[in-house]
1. Residues of the stretch C:158-174 with backbone nitrogen within less than 19 Å of a virtual label 7 Å along the Cα-to-Cβ line of residue C:31, please, listed as ranges.
2. Report the label-to-label distance for residue A:75 and residue C:139 in nanometres (one decimal), using points 7 Å from each Cα along the Cα→Cβ vector.
3. Going by a ≥ b ≥ c, the root eigenvalues of the Cα gyration tensor, does the stretch B:97-176 fall in the rounded group (a/c under 1.5), the prolate group (a/b larger than b/c) or the oblate group?
4. Hey, could you grab the Kirkwood Rh for chain C? Inverse mean 1/r over distinct alpha carbon pairs, Å, one decimal.
5. So, R0 is 60 Å and r is the distance between the beta-carbons of residue A:129 and residue A:183; what FRET efficiency does that work out to, to 0.05?
6. Based on the alpha carbon coordinates of the stretch C:41-177, what radius of gyration and maximum Cα-Cα distance (Dmax) apply, in Å?
7. Angle check, please: helix B:103-112 long axis (alpha carbons) against the longest principal axis of chain B (alpha carbons), in degrees 0 to 90, nearest 10.
8. Cα gyration tensor of the stretch C:99-182, axes a ≥ b ≥ c as square roots of the eigenvalues: rounded (a/c below 1.5), prolate (a/b > b/c) or oblate?
């Protein structure tokens, strides 16, 4: 593989990895802090993609679609948390699995009723539709760089929020001991709602930003959910840093695997997970 | 319960064991000897590392350095189940029973561990557990020692606190260990219950090598043949209780404080 | 596991009588039911075996596997690979072979996943099952997304499985056999140890039990029994596809076990029948005001599941037990 091809695959790996990170970060935060597993997390990704499609068509502006879409989905996430999820923080994992599986069904059907079952494309906005030429024949799409950029920016924002702000401190405290944190006057219910909304927001933005590249289709949530789980297992539950490194690792293994060993490419990521399990069953960065 | 060792044989030796959690040294080069027929009490303020010490001996936590020898075998790095099968029993400060089983089932299951067939053996899948005579005998003995014969049908989670503490010990005894590590067996007990427990521990003494982690000082001085004081992960005094009690350093650091 | 899921290990007498009656009804059914319903009930019994196998893992040992369908599907595929296109193959060696394949896969995956706990276990079981799914879905050699056909039912020589009534009774016999076997296992030293692991694994280790090996054995046995069900499914339907190993199948079987009530195997049977029946009901819903209710059966199923987890975490048998003023709860478990 020559250098240009290598560069292209590397950029693709990073882009895919960062996208996975957006989803995995939300999942791992929600689990690490509230102790709830959400199988329907992929549905938010799907929601984002469908919102991007319909809002972009409605407003004729991709930017507006993203802003509106994020707002709508965060509100939706807050509603869900208030209505259902907050009552399940103390229930055992089986109940949570059941609840969120039921929600997957409900969300898929709502999607079918609201938006139908067809596959849709989302056009890349003109300013981002160019390609950067790398050689005489090969070029790299600006949009994919944009995707990576957005994810990176959000990742940075998340890092700053969690480690450098008072809110972040409260969030981290809440992860260790709810009662204690509450006793110190922190409104733990608000923290939980915020963390949940953040997780939903990240997943939705990921879906919106990915929509032009991946298309918008039924069941797109479940495919990405599995990869998300693999990332969280490799990285370690509750560790955002772990999620980032694991996501990039998965991105690399998957992308280069498809190019170098196409017959077994689908299995490689699981082999990676199996290896991690053998030596560190709680993930690479379990706190 | 026959025991090949004669009285005061050294059954467990912890040799300069250390546990570090990142930058924090929870247990610092602690050595403890447990001899058959003796109770070795370990005391110290909260956070002194007593629980960590117990967990290091049972294999629940890996050692950072040092060695532990049980019945002549180096058990450093062994899993908790392997150590248990080699003759160590441990009771917990925070009651760690099978709450949804009956008292009898708790003790029976504990006793069964010593007769457990290999899990991949299909013949064992067709056996009836309640008909295992040696298991039932062992469980009955442990139940009687702990004084719970009349409470065997009670749901463990519904029993009184004192009964649960007794069950805690009974489960450990049902595995017929030679070495007993008891973590605050008197925790939360009223006067009468505590007195019963002390009597039980005295009954157990001749046949076991016992380590007792306790806060109840009256019980400690009534029971201990050897006394070790831990503060901040280190042993600051160790030896005969009377000598340790008189040690000025100990008085200043621990015994003199209200707790 | 929370107390809400504490299983009904010992069935109250009234429930036993009810189940006995149901068994008699099942035995009599082929003589009164039509072919269509015969096939439906056969399928329900196959799913009941599948659900029982998961109950061993989930209800008894407390291991929530989101990838149990992998072992179900693999056995079906094994039969598909072993059956030539032009003639049937012998039941007597393909059945053990298929079950063995599932058991082997469960052993390998189990070895990797049983070392994890809680949420990790749920996620990795799901991940490995998806790996198996994609292995079949992506490879034309293994049938790809179209799946494979099994043109002939296995040949039993002593009886004719192509006869729907015979196949029905064969399935019924296997279901009863598996049930009796697992009830026996539940009260064996192995079964008691699994129950102990569910309630307090940490203490089990401290008592000297090799919990890893016990969990691995349970995982493998559950996988083998799921394979038995998968073999029957392939034989009955004559068709296997990757969906049999998919996430939805794994989630459905979890639902069946919870719906019926966990930990006693009878609940799994009740749950399988109820779930399949509910599925039919939802799919057959009529059109109301131009809105096709039946087409959106997933919505009703989803809402039903949410309602179930909120209102009835102990499932149908649990509700029955409460209604019949459960005596065995007060007496405690009996040998």
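1. Flagged as within label range: C:164-173.
2. 4.9 nm
3. On the way: a/c = 2.31, a/b = 1.87, b/c = 1.24.
It comes out prolate by the Cα gyration axes.
4. Numbers: mean 1/r = 0.0488 Å⁻¹.
After inverting the pairwise mean of 1/r, the radius is 20.5 Å.
5. Numbers: r = 54 Å, r/R0 = 0.90.
Approximately 0.65, to the nearest 0.05.
6. 16.3, 47
7. 90 degrees
8. oblate
Since every read-out is calculated from the coordinates, none of them should be taken as a lab result. The model shown is predicted, which means the values in this text are computed figures rather than measured ones. Glycine also receives a Cβ, built like all others from the backbone with ideal geometry; neighbour counts cover every protein chain displayed.
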